[in-house]
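Presented below is the structure to which this report refers.
The values are calculated or read from the model by the stated rules, or taken from the named source; none is laboratory data. If you're wondering where the values come from, they're calculated on a predicted model, not measured in any experiment. Neighbour counts are summed over all protein chains in view; Cβ atoms, including those assigned to glycine, are modelled from backbone coordinates with ideal geometry. Heads up: the accessible areas ignore ligands, DNA and RNA and are worked out on the full protein's heavy atoms, side chains in. Shrake-Rupley method; radii C 1.70, N 1.55, O 1.52, S 1.80 Å.
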Amino acid sequence: MNAIEAARHYFNQAADHMGLSQNMRKLLLTPKREAKVQIPMQMDNGEIGTFIGYRVQHDDARGPMKGGLRFHPEVDADEVVTLAQLMTWKTAVVNIPYGGAKGGIAVDIKKLSRGELERITRGFIDNIHDMIGPDKDIPAPDMGTNAQVMAWAVNQYEKYHGFSPACITGKPLELHGSEGREEATGRGVVIVTEAVLKQLKKTLSGSTVALQGFGNVGSFAARFLHEAGAKVVAVTDVAGGVRNSEGLDIPALTRWSADHNGLAGFPGSESVTNDELLRSDVDLLIPAALGGVITEEVARDVRASVVVEAANNPTRAEADEIFHKRNVVVVPDILANAGGVTVSYFEWVQNRQHFRWELARVRKELDRVMVDSFDRVWNIAQEKHVSLRTAAYIIGIGRVGRATVLGGI
Ligand code: NAD
């Protein structure tokens, strides 16, 4: 099953439990609008580059649509549709007043200069500025994009529409960003990890963790895991990674990775491949990079008893079945990584109120949203004897479905 088939499969598993009609399923799954745009750009060497960008607005029954911008060579129409759908269920699971969207450009940012990255971002916004906006659709960072890219994006949007910081979230603090946004997804991952361990009568302190991905989500997740006393024993990025069975010194590894542009060669560690990392002998496995990395074969070999999906779509549908049979507890992406969109919502609220929250308030509100959402998902899973993923979809689909019916067709 590819990613889009898997998303439909997870949706249908929950829809079957809910007794949802075929017509309602079709209505909820069909994206509201899909844009595919050409982004022509003058490259630094004088050549013309032509790139393809996408923005998919999946559903707005519960509010303006929300979802990240991914700059990655594998971005295509199917991936963006799938991720936009996930955003619809995710915003509903954590009960923030948004729908779902996603966008991206098929490009390898490692091959772009800083100037080219800025030009491609501005060119993309030129194409989609009429579709997005504070009350319509609010982009944010995802893989390959960051606060700087959001700063260029909002600046370009404002050339058409005037001062509108709430049109994009994940901005730098100096440009109406929020305290705690950068760390939010990784922090949220650790909050739900603590919550699931509590239900399993375990603690983070002393638990061993293997973490794939050391970008925005992975590096902050590692930091908060380490602070909570967990032993992060293996970490990888796109080029492979490092392990130490006694636990890696995460603050030192973070400095090393920044200084050396990667994890390789970290003193006191041995190297590990991505494949080995997923099969590590650990309590917790946290994929925080690409989708689709946990295949059927990998799922059979996973030794962790808990998988927390920090990345979007990391587990293939066939692998999910294997986890279910093997009693591996999976905290699904639409709950586990919802901390980012939750603090994006706080940023949007602050922008609209022209009032800044302190970091302590952002963290406190995030804790509350993540713990309440986790508890609700856990309770539905126990009540209905379903996986945490199906429980999360039941909540998400239920909220979107009710809003759709109440609003009327
Ligand atoms: P990022 O670009 O900051 O980091 C990505 C990391 O993955 C890097 O360490 C990179 O080296 C690694 N990576 C890339 N390809 C890999 C491969 N083939 N094998 C192993 N590692 C690989 O991205 P991010 O923002 O940290 O996002 C990571 C995941 O989390 C994505 O699935 C994204 O959709 C999801 N997510 C991000 C946010 C957010 O707020 N940034 C929110 C929700 C979900």
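Structure notes:
- Residue within region 299-312 that is within 16 Å of the ligand (Cβ to nearest atom), modelled with pLDDT under 95 and under 23 Å from residue 224 (Cα atoms) present: yes
- Taking every residue in region 212-236 that is outside the structural domain of residue 265 (by TED's automatic domain parsing) and modelled with pLDDT of 95 or more and pairing it with any residue that is within 9 Å of the ligand (Cβ to nearest atom) and of a type in the set (Lys, Arg), at least 6 positions away or on another chain, yields no pair with a Cβ-Cβ distance below 9 Å.
- Scan of region 140-177 for residues that are at negative phi, within 12 Å of the ligand (Cβ to nearest atom) and open to solvent by less than 10 Å² (accessible area, probe 1.4 Å), ordered by number: 140, 149, 150, 169
- Candidate set: region 4-34, residues that are buried (at least 17 other Cβ atoms within 10 Å of the Cβ) and within 22 Å of residue 124 (Cβ to Cβ); chosen: the one farthest from the chain's Cα centre (by Cα): 32
- Residues (on the phi < 0 side of the Ramachandran plot and modelled with pLDDT under 95) located in region 238-259: 238, 239
- Taken as a whole, the condition of being in contact with a helix residue (DSSP H, G or I) (Cβ under 8 Å, 6 or more places away or on another chain) and β-branched (Val, Ile, Thr) does not apply to residue 52.
- Of the candidates 23, 95, 45, 12, the single residue that is within 20 Å of residue 315 (Cβ to Cβ) and polar (S, T, N, Q) is 12.
- When residues in region 89-103 are screened for being within 14 Å of the ligand (Cβ to nearest atom) and closer than 16 Å to residue 132 by Cα, 5 of them pass.
- Hey, residue 69 within 24 Å of the chain's Cα centre (by Cα), within 16 Å of the ligand (Cβ to nearest atom), surrounded by fewer than 24 Cβ atoms within 10 Å (Cβ to Cβ) and of a type outside the set (Val, Ile, Thr) or not: no
- Hits in region 50-72 (condition: under 18 Å from residue 314 (Cβ atoms) and of a type outside the set (D, E, K, R)): 67, 68, 72
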